[in-house]
Structure formats: structure tokens, C-alpha cells
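Encoded as C-alpha cells, the structure appears first; notes follow it.
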Amino acid sequence: MNHPEQARPKLPLWKRPFFRVRTTESGQTLVEFSMVLPIMLVLIFALVDFGRAFHTWLVVTNAAREGARTAAVQQDMFAVQTRITESAASLDTSRLTITASNIQGARGETVEIDLAYDFEFVTPLGGLLSVISGGNLSAPAITGQSSMRLE
């Protein structure tokens, strides 16, 4: 610890810039920040994309339930598809795949609605993970399934 009243030893002129570089800590914060930044970005991006994926899963599951309920009361396929797209209005319905079985079947049988949504990340999470760990993270297909008895 240097006190102002203590005099530093006199160094030759050519050694003074090197001595100053060795004794200061001015670049330490930048190095530590550059080491922590990728980890913090992965965490933030993961939170954003996980929240969006969870919301999408909730919407797709609810839309499958609404479609199954519409089909359970003997509505046709057009009415079922309309109800599903209305329920999934917050999503891009062009990426939603609807599979229905036993529409307008006999009373007491089961109608099944299967939905698949091609989810896309909005953050560069996959690319950042490949830089950090060498792995790859592809966008998942979020599915929802519901079945009800025909009335």
C-alpha cells in the first residue's frame, strides 16, 4: 500500500511505463466482464424464450381443448378449425398443424384433436450456446392433445 508521504524508488525512464502497467488494475474489470457476459446472456435469452415457449404451450393446449369441445357437440370440421384458430389467435396460425379424428362420429365415441406448433426462438440462444459449449439447440415443435366423448 503506497502512502503519499512514502517516496517511490526512482526507476529509469524506460522502465516507468512498464512498472505502471504492472501495478494498476484498470483492465481487470473488463476481463472479468467479458468472461461473465456470455453466461449472463444465455440466462437472459433462456428466460425470454422459455417464457414464450411456455405461453405457446398453454395456448396450443387450450386451443386443442376448445377444438375437442366443439367437435364433441357434433360440429363439422370447418367449425372445429375455426374455433381452434380463434383460440390460438395470439400465435402465428400458419405454423399450426391440426389433426382431427372421428369428427361427427357416433355418440359415445371419442373425438381426438392433436395440434403441433413449430416454435421459433426470438433470441440467438442456439447460436450462443454453440459458441459457448459447441452444442446445438434447435427449435422444438410444441404439441397439444385433447380428447372428449361425442355427445
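The values are calculated or read from the model by the stated rules, or taken from the named source; none is laboratory data. For clarity, every value in this text was computed on a predicted model and none was experimentally measured. Cβ placement follows ideal geometry from the backbone for every residue including glycine, while neighbour counts extend to all protein chains displayed.
Reported count of residues in the stretch 88-115, each being surrounded by 13 or more Cβ atoms within 10 Å (Cβ to Cβ), touching a helix residue (DSSP H, G or I) at 6+ places or on another chain (Cβ under 8 Å) and among the small types (Gly, Ala, Ser), is 2. Name the single residue that is surrounded by the most Cβ atoms within 10 Å (Cβ to Cβ) among those in the stretch 116-133 being in a loop (DSSP other than H, G, I, E, B) and out of contact with any strand residue (DSSP E or B) (no Cβ under 8 Å at 6 or more places or on another chain). Of everything passing the filter in the stretch 116-133, Phe121 is surrounded by the most Cβ atoms within 10 Å (Cβ to Cβ). For the stretch 89-110, the set of residues classified as β-branched (Val, Ile, Thr) and in contact with a strand residue (DSSP E or B) (Cβ under 8 Å, 6 or more places away or on another chain) consists of Thr97, Ile98, Thr99, Ile103, Thr110, listed by residue number. For the stretch 86-145, taking the residues that are acidic (Asp, Glu) and either touching a Cys at 6+ places or on another chain (Cβ under 7 Å) or under 20 Å from Leu58 (Cα atoms) (or both), the one that is modelled with the lowest pLDDT is identified as Glu120.
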